[in-house]
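> Before we start, here is the structure in question, set down as structure tokens.
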Amino acid sequence: MKNIVMAISGPSGVGKGTIVDEILKRREDIAESVSCTTRLPRAGEADGREYFFISKEEFLRRIDEGDFLEYDEHFGNYYGTPKSFVEKTLEEKSVILEIDVVGALNAKKAFPDCLLIFVAPPSVEELKKRLVGRASESEEEIERRLSRLEYELAQGEKYDYVVVNDELEKAVQEICDLIDLAKSRE
Ligand code: ADP
Ligand code: 5GP
């Protein structure tokens, strides 16, 4: 079976990180892409694990060289998916990109076979509960994220598949099945 690139997107708090961790635990044939960023590492982050931490000069040079499948600016820093890293990883494994909608659609331009999976919450109420339960953002930040929700959920239409993350195990299995289907296609 061939190796594929896939993008997993969805609103903040829907469970993308949790799902990707589960997939990586059970599938040795799948790896997660490591993005480049110009922001400084936070405590506990390691170069090459959470991100490749590079200078703005290097980032701009690599944009010119066409090394990013997609990139964007958030909060004054650049973030991008390095094509060279994805291509190298693809020699051995399929690659998951956990990125936003704009990034996912750009990835599809670079890799037309890219499998686009959108993770949706079972309900808006449940999504709010997960965001609050994760306790990693302030109330204000949670409100800001929820204010984008309607727009974000509408983006699911642009994806190949929408998977509802109701029961974690079921969602992980469903995504693994979609990956196997894409891997087996010529
Ligand atoms: P994201 O990466 O999409 O922002 P996370 O993976 O951080 O979301 O998940 C947000 C919270 O929801 C976490 O506390 C996680 O444990 C929880 N969670 C994820 N999937 C489920 C699920 N199927 N049912 C209940 N809680 C879940
Ligand atoms: P953080 O600094 O908190 O790790 O990430 C800030 C934002 O950058 C998040 O919204 C995250 O999704 C986004 N981001 C991380 N990596 C990439 C990437 O490779 N490409 C794009 N477009 N955004 C990214």
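> Does region 42-63 include one or more residues that are assigned to a strand (DSSP E or B), surrounded by fewer than 20 Cβ atoms within 10 Å (Cβ to Cβ), modelled with pLDDT under 95 and within 16 Å of ligand 1 (Cβ to nearest atom)?
Of the residues in region 42-63, the ones assigned to a strand (DSSP E or B) are 47, 51-53.
With the extra rule that they be surrounded by fewer than 20 Cβ atoms within 10 Å (Cβ to Cβ), the set shrinks to 47, 51-53.
If we keep only those that are modelled with pLDDT under 95 as well, we get none.
No: region 42-63 contains no residue that is assigned to a strand (DSSP E or B), surrounded by fewer than 20 Cβ atoms within 10 Å (Cβ to Cβ), modelled with pLDDT under 95 and within 16 Å of ligand 1 (Cβ to nearest atom).
> Out of (1) within 25 Å of Leu146 (Cβ to Cβ); (2) modelled with pLDDT of 95 or more, the odd one out for Leu90 is which?
(1)
> Those residues that are in contact (Cβ under 8 Å) with a residue 40 or more places away in the chain and more than 16 Å from ligand 2 (Cβ to nearest atom), I need them from region 137-155; list them, please.
Leu153
> Give just the number: which of (1) within 16 Å of ligand 1 (Cβ to nearest atom); (2) modelled with pLDDT of 95 or more; (3) not aromatic (Phe, Trp, Tyr) does Ser12 not satisfy?
Every condition holds for Ser12 apart from (2).
> For region 22-41, what are the residues that are in contact with a strand residue (DSSP E or B) (Cβ under 8 Å, 6 or more places away or on another chain), within 16 Å of ligand 1 (Cβ to nearest atom) and more than 19 Å from Glu87 (Cβ to Cβ)?
Of everything in region 22-41, those that are in contact with a strand residue (DSSP E or B) (Cβ under 8 Å, 6 or more places away or on another chain), within 16 Å of ligand 1 (Cβ to nearest atom) and more than 19 Å from Glu87 (Cβ to Cβ) turn out to be Ile23, Leu24.
The values are calculated or read from the model by the stated rules, or taken from the named source; none is laboratory data. Predicted model, so just to flag it, every value in this text is computed and none were measured. Reconstructed Cβ throughout: ideal geometry from the backbone, glycine too, with neighbour counts over all protein chains shown.
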